[in-house]
């Protein structure tokens, strides 16, 4: 590496050490951890419970952890090897049938079986667990994440966890002493950290352990059907652990240094941390993020299938917009529903454009720096997503060619070939319009003063040259709207005239397009065309005549 590269790296590291961006705040925890306990390799982990189809919250953990990992690499000049493990708890027993899958009756016959022993209701993989694992991996691969996938089934059955499982058995009483105070009395009477796998049915058994032998590496339980005592090794996939001891065991076995978790798992993280310490391990660094909520403010659940799926977001918006949603305010609860998508798309573009004007220090707090691993692409999107949605709404566009016709008039020289990213946005806008805007489209009838204002706007626009620029159109829109009830005396125009309230522009979009909000109206008219806009106003006036 040249001296110039070394200087740049050192400067970036120094700025990162002082950055207020949350990935750097998290990465500094890991740096401090290494000062106490040096290691040659740092392990990041994310966990996934494949009892239901992957949802965006699952992706969010990987995206956010990847951002922390990159920040750590900057703080250490990339001199310490890092790995990101995406771990699937696919040996868990199936407790209930998810609501959002086909062939529920088939799956229902396999309750309490490990997820990798439950048939795939979709018929594409060897088991339900494998199907959901594949769905998650396909999406992570699509985003280009650098990760190592691990399956609980493979880790347990291959012997990878054997040493750590024997360690849990050796500290059985200590683990019980940690867990029992957290349980209800009835649950505590039958609780055991070990869940034997029935040799006859293959079920994951929730049974009391009546004896344990650390030297022999076995536990003994009473078979519910025969009443016989059965002794089984805890190794080789013959047992699995309850999830809190399992989490602690996994941290120990894999040497995990960093893992974040949802706010609903705060107490679980504490318990698993105590268990990990009792086994001689060091619990990982991390933080508790807030949960995603559906349209009704309820927690998103894989088994319920509420909220958005990964595939749904990507039908309506870019992957980068999803990453932006994940980056922002991870410790604040956020609604994760379709109506948040358009804003994320346009704000990503605004941040990308702003990045080019920022110095290095400011860039480290710009989300796009973290989304793109320190190397964001050049901003090149001449039209907003909000504008595209308004154009689709106004024209009821059925295909991309119609939209590109408007774009070509608004931005001469911009084509599919010169702006392939914009071409993707066009497709997203058409999908979003047909699935969400069109079904909810409802035109408001204008009142008497509003009809008069619309008529005046129509007449004023008809006086303009067909090639009038967006700024001139916007001036006309303001002039016509400078009347009661749209005056805003608190605002003043540059020429000292009274301001125009947002109610004027809201009325235009509600009456003309059947939507609540929209982009800058002058820019919309410029793209849609003066005559088309005049015809649209005539149509609105005719509807309410």
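Could you please let me know if residue 377 is touching a strand residue (DSSP E or B) at 6+ places or on another chain (Cβ under 6 Å) and assigned to a loop (DSSP other than H, G, I, E, B)? Judged against the criteria, residue 377 is not a match.
So is residue 227 at positive phi and without any contact (Cβ under 8 Å) to a residue 12 or more places away in the chain or not? In short, yes. In the set (1) surrounded by 15 or more Cβ atoms within 10 Å (Cβ to Cβ); (2) touching a strand residue (DSSP E or B) at 6+ places or on another chain (Cβ under 7 Å), residue 493 fails one condition alone, (1). Could you check, for the range 431-442, whether at least one of its residues is in a loop (DSSP other than H, G, I, E, B) and at pLDDT below 95? Yes, the conditions are met somewhere in the range 431-442. Output the residue which, of all residues in the range 182-208 that are part of a helix (DSSP H, G or I) and in contact with a helix residue (DSSP H, G or I) (Cβ under 7 Å, 6 or more places away or on another chain), is nearest to residue 219 (Cα to Cα). Going through the qualifying residues, I end up with 188. Screening residue 60 with (1) out of contact with any helix residue (DSSP H, G or I) (no Cβ under 9 Å at 6 or more places or on another chain); (2) assigned to a helix (DSSP H, G or I) gives one miss only, at (1).
The condition (being without any contact (Cβ under 8 Å) to a residue 40 or more places away in the chain, part of a loop (DSSP other than H, G, I, E, B) and not assigned by TED's automatic domain parsing to the domain that holds residue 431) is satisfied by just one residue among 349, 358: 358. Test residue 293 against the criterion of being more than 29 Å from residue 163 (Cβ to Cβ) and touching a strand residue (DSSP E or B) at 6+ places or on another chain (Cβ under 9 Å), and give yes or no. Criteria met by residue 293. If you go through the range 361-395, how many residues are within 30 Å of residue 511 (Cα to Cα) and either free of Cβ contacts under 8 Å to residues at least 40 places away in the same chain or buried (at least 17 other Cβ atoms within 10 Å of the Cβ) (or both)? Looking only at that region, the number is 14. Checking each residue in the range 406-426 for being part of a helix (DSSP H, G or I), free of Cβ contacts under 8 Å to residues at least 40 places away in the same chain and loosely packed, with under 15 Cβ neighbours inside 10 Å picks out 408, 420.
Does the range 453-463 contain at least one residue that is modelled with pLDDT of 95 or more, in a loop (DSSP other than H, G, I, E, B), surrounded by fewer than 15 Cβ atoms within 10 Å (Cβ to Cβ) and touching a helix residue (DSSP H, G or I) at 6+ places or on another chain (Cβ under 9 Å)? Yes, the conditions are met somewhere in the range 453-463. Test residue 280 against the stated conditions and say whether it is within 35 Å of the chain's Cα centre (by Cα), more than 30 Å from residue 330 (Cα to Cα), part of a loop (DSSP other than H, G, I, E, B) and at pLDDT 95 or above. Yes, satisfied. Scanning the range 427-452 for residues that are exposed (fewer than 15 other Cβ atoms within 10 Å of the Cβ) and farther than 18 Å from residue 397 by Cα yields 445, 447, 448, 449, 452. Selection of helices (runs of 4 or more DSSP H) fully inside the range 67-181 by the criterion of at least 1 residues being surrounded by 21 or more Cβ atoms within 10 Å (Cβ to Cβ) and out of contact with any strand residue (DSSP E or B) (no Cβ under 6 Å at 6 or more places or on another chain) returns 128-142, 152-158, 162-170, 172-179.
The values are calculated or read from the model by the stated rules, or taken from the named source; none is laboratory data. Predicted model only: the values in this text are computed from it and were never measured. Glycine gets a Cβ as well: all are built from the backbone with ideal geometry, and neighbour counts include every protein chain shown.
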